[in-house]
Ligand code: TYD
């Protein structure tokens, strides 16, 4: 799907456990400017409902699992993240919704820019209006 792909990271496993290194511009396609994580999401809660104009992100479920619905004017995909050595890259102009967070799940997000509310498109109709010009 356009501007959306799974990235498999290194999983360094030994008798002491697992270690996954992630380096900006090496393991993911951008320099990391911001990190945030989502925890404590209750049953039935759906988050997201937005796209970004410039932001690139990689979502990694460090514990438990979460489902991500990604959409553009032509396509829709459902991804379940449940492996801390796998990331979902989401680039600009992709609508996303996150749901079915399991109890204790931790969703880590690596982002290419500092937080800016101006970069969000939070209305689906406005998103379609802007995205149609990009996808055609
Ligand atoms: P939002 O991105 O809408 O969360 P989600 O897509 O997971 O539902 O952000 C929720 C709130 O947190 C919103 O008021 C903006 C704020 N926020 C920050 O202040 N800094 C950040 O880096 C992020 C991602 C959100």
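The values are calculated or read from the model by the stated rules, or taken from the named source; none is laboratory data. Fair warning: this is a prediction, and the values are worked out from it, not measured in the lab. Neighbour counts run over all protein chains shown; Cβ positions are idealised from the backbone, glycine included.
Here are the criteria: (1) within 12 Å of the ligand (Cβ to nearest atom); (2) within 19 Å of residue 111 (Cα to Cα); (3) over 15 Å from the mean Cα position of the chain (by Cα). Tell me which single one residue 21 does not satisfy.
Going through the list (1) within 12 Å of the ligand (Cβ to nearest atom); (2) within 19 Å of residue 111 (Cα to Cα); (3) over 15 Å from the mean Cα position of the chain (by Cα), residue 21 breaks only (1).
Among what's in the stretch 66-76 and is over 13 Å from the mean Cα position of the chain (by Cα) and touching a residue at least 40 places away in the same chain (Cβ under 8 Å), pick the residue that is farthest from residue 132 (Cα to Cα).
Among those that are over 13 Å from the mean Cα position of the chain (by Cα) and touching a residue at least 40 places away in the same chain (Cβ under 8 Å), it is 75.
Pick from the stretch 36-56 the residues that are closer than 13 Å to residue 109 by Cα and within 9 Å of the ligand (Cβ to nearest atom): which of them is surrounded by the fewest Cβ atoms within 10 Å (Cβ to Cβ)?
Filtering first and then ranking leaves 36.
Mind listing whichever residues of the stretch 61-95 are more than 14 Å from the ligand (Cβ to nearest atom), farther than 13 Å from residue 4 by Cβ and out of contact with any helix residue (DSSP H, G or I) (no Cβ under 8 Å at 6 or more places or on another chain)?
Within the stretch 61-95, 62, 63, 64, 65, 80, 82, 83, 84, 85, 86 meet the criteria.
For the stretch 19-35, enumerate the residues that are loosely packed, with under 13 Cβ neighbours inside 10 Å and out of contact with any strand residue (DSSP E or B) (no Cβ under 7 Å at 6 or more places or on another chain). Spell out how you get there, then give the answer.
So the first thing to find is which residues in the stretch 19-35 are loosely packed, with under 13 Cβ neighbours inside 10 Å, and the list is 19, 21, 23, 25-26, 31, 35.
Hits for the stretch 19-35 are 21, 23, 25, 26.
Can you list residue pairs whose Cβ atoms sit under 6 Å apart, with the first residue in the stretch 6-32 being on the phi > 0 side of the Ramachandran plot and the second being surrounded by fewer than 13 Cβ atoms within 10 Å (Cβ to Cβ) and modelled with pLDDT of 95 or more? Count only pairs 6 or more apart in sequence or on different chains.
Going by the 6 Å Cβ cut-off, the qualifying pairs are 25/31.
Take the stretch 96-136 and flag every residue that is in a loop (DSSP other than H, G, I, E, B) and either away from the ligand (no atom under 11 Å from the Cβ) or at positive phi (or both). Step through it out loud before you land on a result.
Residues of the stretch 96-136 that are in a loop (DSSP other than H, G, I, E, B), as a first pass: 100-105, 112-116, 122-123, 136.
100, 102, 103, 104, 105, 112, 123, 136, listed by residue number.
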